[in-house]
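Enquirer: Handing you a structure now.
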Amino acid sequence: MAAATRGCRPWGSLLGLLGLLSAVTAAWDLASLRCNFGSFCECDFRPDLPGLECDLAQHLAGQHLAKAVVVKSLKAFVRDPAPTKPLVLSLHGWTGTGKSYLSSLLAHYLFQGGLRSPHVHHFSPIIHFPHPGRIERYKKDLRSWVQGNLTVCGRSLFLFDEMDKLPPGLMEVLRPFLGSSWVVYGTNYRKAIFIFISNTGGEQINQVALEAWRSRRDREEISLQELEPVISRAVLDNPHHGFRHSGIVEEHLLDAVVPFLPLQRHHVRHCVLNELAQLGLEPRDEVVQAVLDGTSFFPEDEQLFSSNGCKMVASRIAFFL
């Protein structure tokens with residue numbers, strides 16, 4: 001997937017003026033000035049939901065369910081001045097289907113600093129929790145990190161990548177932050193957003209999509225109600241998933257399970273054209289075809305779904321240019 005851009009909807013003239021004033025002098029109390037003109041006064045939380053919708057429509061190929069669920073959830077959450085609990089989304093699907101890309105878009109269109117915002121926190125098991133034997137230390141550190149950063153900024157975004165590689169039991173420390181209590185450890189946390197990402201459930205989602213195709217059902221006819229139960233069961237049955245022994249799924253603390261469908265050949269073509277556009281290049285049929293020819297598809301008989309989604313598109317384009 002291509003890097004996020006704010007090309008769909010430019011920031012309004014008011015925000016541009018405020019950015020200019022900030023550059024001229026740091027002495028002014030711009031936070032107070034912004035609060036006089038709008039309701040989003042916390043940290044660098046500047047939600048641009050129309051821009052997000054536009055970018056998703058243009059660049060997230062083949063994911064009608066993910067787009068609908070995420071946009072609907074965000075709209076309800078952002079527009080609520082006093083939510084009773086944080087927004088908690090769990091993203092599931094095959095590799096390369098757009099989970100990480102969508103997460104980067106959320107940071108990009110919710111926070112002025114995007115992924116570089118001090119209020120966007122990205123956790124990777126390989127980087128942050130590499131040793132299962134240190135789980136108790138990780139629990140203590142994670143709880144302190146979340147609590148401390150929510151104390152600084154209640155409008156924080158926490159991204160947990162590769163949930164199927166996290167030490168089981170670690171996520172238990174997040175359970176108090178994800179429910180509907182008003183205060184945890186003296187911290188108001190109800191305006192935070194938690195995003196969990198994993199490949200778990202991908203095989204089950206693929207099977208539902210394959211059966212729909214064999215039944216000649218349109219892809220867009222696949223419903224969230226079909227996929228939620230199989231994804232939840234896959235998570236609960238996976239002994240290596242980060243939600244294991246956490247109570248998060250059992251206590252229904254997830255606001256939405258977000259399924260990502262496997263990508264077909266025309267979706268990969270869409271990704272190739274998007275990547276070429278991001279590079280400032282005109283569409284070239286020979287490059288598009290070369291990338292498609294170098295992409296493996298499954299099942300063996302139908303050759304229907306891309307084995308790696310759009311994950312390898314950028315590197316393959318560079319090879320064929």
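Enquirer: What is the spin-label model distance, in nm, from residue 216 to residue 282 if the labels are put 7 Å beyond Cα along the C-beta direction?
Expert: For residue 216 paired with residue 282, the spin-label model returns 4.1 nm.
Enquirer: Enumerate by residue number the GluC sites (Glu not before Pro) in the stretch 196-285 meeting two conditions: DSSP loop (anything except H, G, I, E, B), and at most 16 other Cβ atoms within 10 Å of the site's Cβ. Let's see the in-between values first.
Expert: On the way: sites: 203, 211, 220, 221, 226, 250, 251, 275; in loops: 250, 251.
In loop regions of the stretch 196-285 (DSSP not H, G, I, E or B), the sparsely surrounded GluC sites (Glu not before Pro) are 250, 251.
Enquirer: Can you tell me the length gained on complete extension of the stretch residue 289 to residue 126, counting 0.36 nm per residue apart and subtracting the Cα distance?
Expert: That works out to 55.2 nm of additional length.
Enquirer: Then there's this: Given the options 202, 309, 148, state which has the largest fluctuation in a GNM of the chain using a 10 Å cut-off (strictly under) for Cα springs.
Expert: The residue with the greatest mean-square fluctuation here is 148.
Enquirer: What is the sum of charges, Lys and Arg at +1 and Asp and Glu at -1, for the other residues whose Cβ falls under 15 Å from the Cβ of residue 67? Spell out each step's value before the answer.
Expert: Working: positive: 72, 75, 99, 219; negative: 53, 55, 220.
Around residue 67, the surrounding residues sum to +1.
Enquirer: Give me the percent of accessible area attributable to carbon and sulfur for the chain, probe 1.4 angstrom. Before the final figure, lay out each step's value.
Expert: On the way: 8250 of 15360 Å².
That share works out to 54 percent.
Enquirer: Which whole-Hz couplings ³J(HN,Hα) result when phi for each residue of the stretch 214-228 is put into the Karplus expression 6.51 cos²θ - 1.76 cosθ + 1.60, θ = phi - 60°, listed in order with x for Gly and Pro?
Expert: 5, 8, 6, 8, 5, 4, 5, 7, 5, 10, 4, 5, 5, 8, 3
Enquirer: So who's got an amide H within less than 5 Å of the one on residue 156, skipping anything under 5 residues away but keeping other chains? H placed 1.01 Å off N, in plane.
Expert: Distant-sequence amide H within range of residue 156: 192, 193.
Enquirer: Something else about it: Mind listing the phi-derived Karplus ³J(HN,Hα) values for the stretch 123-139, rounded to whole Hz, using 6.51, -1.76 and 1.60 with θ = phi - 60°, and x for any glycine or proline?
Expert: Each residue's phi maps through the Karplus curve to give 10, 10, x, 5, 8, 9, 9, x, 10, x, x, 9, 4, 5, 5, 4, 4 Hz.
Enquirer: Further question on the same structure: Could you let me know the centre-to-centre spacing of the stretch 195-234 and the stretch 52-103, using Cα atoms, in angstrom?
Expert: 17 Å
Enquirer: Can you count the Lys pairs in the chain with C-alpha separation below 15 Å, eight or more apart or on different chains? Please report the intermediate quantities before stating the final value.
Expert: Working: 67/75; 67/99; 75/85; 75/191; 85/191; 99/311.
Close lysine pairs under the 15 Å cut-off: 6.
Enquirer: Can I ask one more? To the nearest 0.05, how large is the calculated FRET efficiency for residue 72 and residue 203 if R₀ is 25 Å and r is the Cβ-Cβ distance?
Expert: Numbers: r = 26 Å, r/R0 = 1.05.
The formula returns an efficiency of 0.45 here.
Enquirer: If the viscosity is 1.002 mPa s and the temperature 20 °C, what translational diffusion coefficient in µm²/s does Stokes-Einstein give for the stretch 34-182 when Rh comes from Kirkwood over Cα pairs? Write out the running numbers ahead of the final one.
Expert: Details: Rh = 16.7 Å.
The estimated diffusion coefficient comes to 128 µm²/s.
Enquirer: Now for a different question. Please state, as a whole number in µm²/s, the translational diffusion coefficient that the Stokes-Einstein equation yields for the chain at 4 °C and 1.567 mPa s, with Rh defined as the Kirkwood radius across alpha carbon pairs. Working shown, then result.
Expert: Working: Rh = 21.0 Å.
Estimated via Stokes-Einstein, D reaches 62 µm²/s.
Enquirer: Rank these by accessible area, largest first, 1.4 Å probe: 151, 97.
Expert: On the way: 151 95, 97 0 Å².
So the residues, ranked largest to smallest area, are 151, 97.
Enquirer: Once Rh is set to the Kirkwood radius over Cα pairs, what Stokes-Einstein translational diffusion coefficient, in µm²/s, holds for the stretch 229-321 at a temperature of 4 °C and a viscosity of 1.567 mPa s?
Expert: On the way: Rh = 15.7 Å.
Roughly 82 µm²/s, to the nearest whole number.
Enquirer: Let me ask something else about it. On full extension of the chain, what length is gained from residue 181 through residue 64, given 0.36 nm per residue of separation minus the C-alpha to C-alpha distance?
Expert: Working: separation 117, 0.36 × 117 = 42.12 nm, distance 3.28 nm.
Going from the current span to full extension adds 38.8 nm.
Enquirer: Kindly state, to the nearest 0.05, the FRET efficiency for residue 250 paired with residue 318, given R0 = 35 Å and r defined as their beta-carbon distance.
Expert: Numbers: r = 45 Å, r/R0 = 1.29.
Here the calculated transfer efficiency is 0.20.
Enquirer: Counting other Cβ atoms within 10 Å, which trypsin sites (Lys or Arg not before Pro) in the stretch 164-245 have at most 11 and lie in a DSSP loop?
Expert: 216
Enquirer: Rounded to the nearest whole Å², what accessible area per residue is found for the chain with the 1.4 Å probe?
Expert: Details: 15360 Å² over 321 residues.
Accessible area per residue, the chain: 48 Å².
Enquirer: From zero outward in steps of 10 Å, how is the percent of C-alpha pairs of the stretch 176-248 spread across the bins?
Expert: Result, from short to long distances: 16, 34, 28, 16, 6, 0 percent.
Enquirer: For residue 112 and residue 82, compute 0.36 nm times the residue count separating them, minus their Cα-Cα distance, and round to one decimal in nm.
Expert: Values: separation 30, 0.36 × 30 = 10.80 nm, distance 2.16 nm.
Stretched fully, the residue 112-residue 82 segment lengthens by 8.6 nm.
The values are calculated or read from the model by the stated rules, or taken from the named source; none is laboratory data. Everything quoted here is computed from the prediction, not taken from an experiment. Cβ atoms come from the backbone with ideal geometry, glycine included; neighbour counts cover every protein chain shown. Side chains included, ligands, DNA and RNA excluded: accessible areas come from the protein's heavy atoms. Shrake-Rupley method; radii C 1.70, N 1.55, O 1.52, S 1.80 Å.
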